[in-house]
Amino acid sequence: MTTMNQHFLELQGSYLFSEVAKRRTKYMEQNPQADVISLGIGDVTRGLPQAVIKAMHAAVDDMVNVETFKGYGPEQGYSFLINEIIANDYKARGVELNTDEVFLSDGSKCDVGNIQEIFSTDSIVAVQDPVYPVYVDTNVMAGRAGTFITNIGRYEKIVYLDCSAKNDFKPSLPTEKVDLIYLCYPNNPTGMTLTKEELKVWVDYAIENDCIILFDSAYEAFITEDNVPHSIYEIEGAKKVAIEFRSFSKTAGFTGIRCAYTVVPKEIQGRDVNGNAVSVNELWNRRHTTKFNGVSYVTQKGAEAIYSTEGKAQIRELVDYYMTNAAMIREGLREAGFSVFGGVNAPYIWLKTPEGYNSWSFFDYLLSEANIVGTPGVGFGQCGEGYFRLTAFGSRENTERAIARIKQLSL
Ligand code: PLP
């Protein structure tokens with residue numbers, strides 16, 4: 001028999017969403033009449049913006065015509081889209097980027113998962129806890145995590161940066177030497193953010209301590225407050241130490257269409273085993289062009305349309321729709337007596353479970369008493385125990401009904 005990659009065998013089962021689905025199915029089987037509302041999974045529910053649909057239809061027609069047909073495109077993405085990204089998402093915020101610093105892909109999940117490949121397997125990785133599980137699991141696969149310590153519920157070699165209500169879900173700087181720091185802001189699952197001053201502390205730390213920040217900004221479009229940075233490059237010096245990930249999934253309803261991008265500034269340097277400087281951008285380019293053959297032309301044309309005047313207005317409407325849901329959930333929960341976090345600059349609302357409930361017992365309670373499915377916080381890490389996540393991605397009607405039900409609970 002062929003020997004398997006032992007590191008993959010260190011992975012823990014993807015327990016969270018399968019367990020959520022299992023408990024929901026069981027409940028529905030026992031209560032077939034129950035009108036269950038899901039505010040659990042972070043997938044969008046509104047359709048694609050009209051501007052995107054129109055552009056994608058036109059792009060399909062380009063494919064019919066021999067003169068305008070497109071086969072393989074540049075692996076990094078077409079310049080028509082990269083130029084729009086740079087002009088609208090960066091230059092408009094005072095950040096200068098070159099076209100060869102932006103890499104398009106079929107999703108941020110792949111990018112945040114794949115980026116670790118270009119770093120040494122000896123790198124020490126720091127993650128926030130609670131955390132988007134992809135950061136941890138992909139490092140487990142690469143052999144950077146060591147073994148899973150069951151009684152603690154953590155990997156031995158990963159550095160966990162604790163986030164709880166005590167520190168307002170803003171982790172302290174690592175106290176030991178780390179090489180890679182995953183930061184996610186606006187945060188999934190807590191919905192919390194850092195101000196410019198707070199993010200600057202991390203950038204300065206990375207510069208002083210010779211590490212690289214992997215900044216996941218998938219929820220950037222949901223920022224409403226002025227002092228919250230949209231890009232880590234708004235912080236001076238960040239181009240020397242940070243890679244940024246952005247996605248069209250939540251911003252523009254692309255969870256099924258698939259398109260995202262990663263910014264790898266040319267200023268970031270790593271080193272080889274002899275201590276010689278290595279360009280992180282060049283290595284990522286080499287990896288990307290070897291393993292990826294580009295986002296489809298039709299998809300990139302759809303993404304380009306997001307930056308048209310019509311597209312921008314439609315995206316705003318989409319984001320506002322979800323953020324109105326977020327405000328309703330946040331305020332509704334507050335009125336019902338819950339301690340609530342997030343939901344101001346992110347489509348996630350993170351609540352403290354009531355006295356006497358842990359994450360899973362509150363899941364069961366909410367499902368049976370209010371027929372609402374959410375996500376137990378402990379599924380995102382040990383520090384998520386005693387918390388619970390609701391998403392603003394449902395329909396307005398379901399959001400209103402869910403909150404009305406929660407207000408009637410006697411907790
Ligand atoms: N990063 C975070 C923090 C996410 O929550 C998600 C999706 O839920 C992703 C990345 C993945 O985004 P994409 O759909 O672009 O793969």
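The values are calculated or read from the model by the stated rules, or taken from the named source; none is laboratory data. For clarity, every value in this text was computed on a predicted model and none was experimentally measured. Backbone-built Cβ (ideal geometry, glycine too); neighbour counts: all protein chains shown.
Could you please tell me which pairs satisfy a Cβ distance under 8 Å, a separation of 6+ or placement on different chains, a first residue in the range 215-227 that is closer than 18 Å to K109 by Cα and among the polar types (S, T, N, Q), and a second residue that is within 14 Å of the ligand (Cβ to nearest atom) and part of a loop (DSSP other than H, G, I, E, B)?
Hits for this filter: S217/Y185; S217/P186.
Would you tally the residues in the range 171-202 being under 26 Å from E117 (Cβ atoms), of a type in the set (D, E, K, R) and out of contact with any helix residue (DSSP H, G or I) (no Cβ under 8 Å at 6 or more places or on another chain)?
So the answer is 2.
Search the range 331-359 for residues that are at negative phi and pair each with any residue that is of a type in the set (K, R) and crowded, with 21+ Cβ neighbours inside 10 Å when their beta-carbon atoms are under 6 Å apart and the residues are at least 6 apart or on different chains.
Note: pairs meeting the criteria are V340/R330; Y348/R389; I349/R330; W350/R389.
Which residue is surrounded by the fewest Cβ atoms within 10 Å (Cβ to Cβ), if the candidates are limited to the range 103-139 and must be within 15 Å of the ligand (Cβ to nearest atom) and β-branched (V, I, T)?
Filtering the range 103-139 for residues that are within 15 Å of the ligand (Cβ to nearest atom) and β-branched (V, I, T), the one surrounded by the fewest Cβ atoms within 10 Å (Cβ to Cβ) comes out as V134.
Based on this model, can you work out whether N83 counts as in a loop (DSSP other than H, G, I, E, B) and either basic (K, R) or away from the ligand (no atom under 16 Å from the Cβ) (or both)?
Spelling it out, it is not the case that N83 is in a loop (DSSP other than H, G, I, E, B) and either basic (K, R) or away from the ligand (no atom under 16 Å from the Cβ) (or both).
Residues F362, F380: which one is closer than 30 Å to G47 by Cβ and touching a residue at least 12 places away in the same chain (Cβ under 8 Å)? Spell out the reasoning first.
Numbers: F362 fails: closer than 30 Å to G47 by Cβ.
Matching residue, one of F362, F380: F380.
Just checking, does the range 103-120 include any residue being farther than 30 Å from V295 by Cα and either in a loop (DSSP other than H, G, I, E, B) or in contact with a His (Cβ under 6 Å, 6 or more places away or on another chain) (or both)? Quick ask: steps written out before the conclusion?
So in the range 103-120, the residues farther than 30 Å from V295 by Cα come out as none.
No.
Each row is one residue, and each column tells you yes or no for (1) among the charged types (D, E, K, R); (2) surrounded by fewer than 23 Cβ atoms within 10 Å (Cβ to Cβ); (3) farther than 17 Å from A165 by Cα.
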residue	(1), (2), (3)
Y307	no, yes, yes
E317	yes, yes, yes
V344	no, yes, no
N371	no, yes, yes
P376	no, no, no
F380	no, no, no
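Which is closer than 29 Å to E282 by Cα, within 16 Å of the ligand (Cβ to nearest atom), in contact with a strand residue (DSSP E or B) (Cβ under 6 Å, 6 or more places away or on another chain) and not small (G, A, S), of I158, I181?
After applying the criteria, what remains is I181.
Quick test of your reading of the structure: G42 fulfils all but one of (1) surrounded by 16 or more Cβ atoms within 10 Å (Cβ to Cβ); (2) in a loop (DSSP other than H, G, I, E, B); (3) more than 21 Å from the chain's Cα centre (by Cα). Name the failing condition by number.
(3)
Do we have V102 as within 20 Å of S279 (Cβ to Cβ), β-branched (V, I, T) and in contact with a strand residue (DSSP E or B) (Cβ under 6 Å, 6 or more places away or on another chain) here?
Criteria met by V102.
May I ask you to say which residue of V60, V95, V66 is in a loop (DSSP other than H, G, I, E, B), among the β-branched types (V, I, T), surrounded by fewer than 19 Cβ atoms within 10 Å (Cβ to Cβ) and outside the structural domain of A326 (by TED's automatic domain parsing)? Lay out the reasoning, then the answer.
Values: V60 fails: in a loop (DSSP other than H, G, I, E, B); V95 fails: surrounded by fewer than 19 Cβ atoms within 10 Å (Cβ to Cβ).
Among V60, V95, V66, only V66 is in a loop (DSSP other than H, G, I, E, B), among the β-branched types (V, I, T), surrounded by fewer than 19 Cβ atoms within 10 Å (Cβ to Cβ) and outside the structural domain of A326 (by TED's automatic domain parsing).
Identify the residue in the range 195-224 that is crowded, with 24+ Cβ neighbours inside 10 Å and part of a loop (DSSP other than H, G, I, E, B) and, among all such residues, is nearest to the ligand (Cβ to nearest atom).
Only one residue fits best here, namely A218.
For the range 231-250, name all the residues that are in a loop (DSSP other than H, G, I, E, B) and either within 15 Å of the ligand (Cβ to nearest atom) or hydroxyl-bearing (S, T, Y) (or both).
Those that are in a loop (DSSP other than H, G, I, E, B) and either within 15 Å of the ligand (Cβ to nearest atom) or hydroxyl-bearing (S, T, Y) (or both): S231, F248.
Of all residues being modelled with pLDDT of 95 or more and assigned to a helix (DSSP H, G or I) in the range 251-280, which is farthest from the ligand (Cβ to nearest atom)? Just the residue, please.
V280
Determine, yes or no, whether E156 is under 30 Å from T324 (Cα atoms) and not polar (S, T, N, Q).
no
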